[in-house]
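Since every read-out is calculated from the coordinates, none of them should be taken as a lab result. These numbers come from a predicted model, not from an experiment. Using ideal geometry, Cβ is built from the backbone for each residue, glycine included, and neighbour counts are taken over all protein chains shown.
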Amino acid sequence: MVDDKIYKAVCELNGHSPSTPSPTSERVDYYQKAVKPGPPGRPVVSVLNDTANVTWTPPQDDGGAKVTSYNIEMRRSDNYNNTWKLVNTDMCVLGTSYLLEGLTSFVNYEVRIVATNEVGTGEPSQPSEIFRIVTVVKSNPIVAKRQLQSSYIWDLAVTSSAHIVVISGSNTKIYASDYSLIKDIGERFYRVTVASDGQLVFTDGSSTIYFYTADGNYIRDITVTGSSYRLYGITTLSTGQLVVCDRNTSSVYIVEQDTGNATPLSAPGTFSNPYYVTTNSKVVVIVSDRDGLSIKGLDQDGQVLFTYGTYGSGEGQLKYPRGVDTDKEDYIVVADHENKSKPDDRNES
């Protein structure tokens with residue numbers, strides 16, 4: 001016989017007519033075999049200091065057997081395999097809450113819950129909302145002011161060795177952390193970024209991208225394939241690809257470092273004049289649109305995730321934004337060319 005099916009007894013006919021029916025039997029109870037439980041409710045996370053309290057609701061379907069325990073699985077943004085890992089490796093979780101301890105600052109986390117009954121472990125819950133631990137800076141930053149250039153500074157970058165790369169209207173120089181001059185590269189560039197391997201990568205408003213060592217020695221250059229470009233803003237992705245802003249087409253492109261092949265990231269009409277570009281910990285590409293008077297964030301498919309800014313000097317307004325960067329908390333820092341703001345005016349991406 002097969003589990004979970006209802007069967008009827010049959011009797012043999014005697015000749016051409018059936019026999020007299022037997023008396024009715026006593027009532028027979030039956031039950032379905034238990035199965036694995038369904039997914040628990042989506043977990044809710046409350047963060048305090050370096051801990052996170054996770055709570056959830058039991059599965060709506062326990063599979064016909066009592067839920068005996070839960071497993072907590074977590075994934076984090078600094079795990080590039082994007083895999084879920086079991087958290088409670090040395091204990092059984094019997095209730096519907098769990099305290100995560102010793103979490104790392106500025107890392108994005110997600111958790112999900114799996115229920116177990118006597119049959120086995122069921123499907124996981126939906127992942128929680130992304131959460132992170134933020135270390136609060138309780139002291140004011142130390143600000144030092146030095147006159148390094150006699151003309152406008154167009155772009156800045158800081159290397160892993162704390163060297164400061166400064167691009168101004170007529171030259172490109174590298175300074176040590178004590179502001180002593182390391183090298184005058186002797187070239188006029190417009191933008192700079194630091195690649196993951198420490199190389200300095202420059203644009204000069206043409207179709208060419210230039211690569212230098214961290215000490216300012218020329219390595220190579222590539223010409224971006226396709227139409228004639230006026231490349232300005234530049235940054236790098238964790239994949240090693242470059243992201244550049246082109247003022248000829250008013251578009252943002254992904255460029256392969258080895259070949260110069262360019263793939264449009266932004267759809268036509270997304271930007272009026274993309275000027276500077278950076279990324280955050282979620283790999284969102286953040287672009288200052290100078291003439292569009294806004295900051296826009298794009299995902300890796302080129303979809304616009306957010307737009308911030310309208311013309312003006314009030315709350316949420318910008319006047320020709322230029323330099324853009326993010327900090328460890330993913331706050332966006334904007335150099336708004338014709339506005340002045342307080343140090344604590346920040347926007348979170």
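Classify region 153-341 as rounded, prolate or oblate from the Cα gyration tensor: take a ≥ b ≥ c as the square roots of its eigenvalues, call it rounded if a/c is under 1.5, otherwise prolate when a/b beats b/c and oblate if not.
Working: a/c = 1.64, a/b = 1.23, b/c = 1.33.
In terms of gyration-tensor shape, oblate.
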### Taking Trp154, Trp56 and counting other C-beta atoms within 10 Å, the order from fewest to most
Trp154, Trp56
### Task
Would you pull out the residues with amide H under 5 Å of Ser294's amide H, same chain only if 5 or more places away, H placed 1.01 Å from N?
Asp289
## Note on the structure
PRE zone check, label point 7 Å out along Cα-to-Cβ of Asp291, amide N under 20 Å, scope region 303-319, hits 308-312, 318-319
### Message
If I model a spin label at Asp221 and Ile142 as a point 7 Å from the Cα along the Cα→Cβ vector, what separation in nanometres do I get?
### Response
3.9
### Task
In a Gaussian network model over the chain where Cα atoms closer than 10 Å are linked, find which of Ser77, Ser294, Ser177 has the largest mean-square fluctuation.
Ser177
### Query
Hey, rough spin-label estimate for Arg230 and Ile130, points 7 angstrom out along Cα→Cβ, what's it come to in nanometres?
3.4
### Query
Residue by residue through region 306-311, which ³J(HN,Hα) values in whole Hz follow from phi under the Karplus form 6.51 cos²θ - 1.76 cosθ + 1.60 (θ = phi - 60°), with glycine and proline marked x?
7, 10, 10, x, 9, 5
### Residue-span extension gain [Ser150 to Glu315] - 0.36 nm each, minus C-alpha spacing
56.1 nm
### Task
Please compute the net charge surrounding Gly226, taking Lys and Arg as +1 and Asp and Glu as -1 over other residues with Cβ under 14 Å from its Cβ.
-1
### Task
Add +1 for every Lys or Arg and -1 for every Asp or Glu among the other residues with Cβ under 13 Å from the Cβ of Thr263, and state the total.
-3
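How many lysine pairs in region 153-341, separated by 8 or more positions in sequence or lying on different chains, have Cα atoms less than 21 Å apart?
Working: Lys173/Lys183; Lys282/Lys296; Lys282/Lys328; Lys296/Lys319; Lys296/Lys328; Lys296/Lys340; Lys319/Lys340.
Lysine pairs, 8 or more places apart or on different chains, close enough: 7.
With contacts defined as alpha carbon pairs under 8 Å and 6 or more residues apart, what's the relative contact order of the chain in percent?
Values: 806 pairs, mean separation 28.0, N = 349.
Rounded, it is 8 percent for the chain.
For a Förster distance of 45 Å, can you work out the FRET efficiency between the beta-carbons of Thr68 and Asp299, rounded to the nearest 0.05?
Working: r = 41 Å, r/R0 = 0.90.
Computed FRET efficiency for Thr68 and Asp299 comes out at 0.65.
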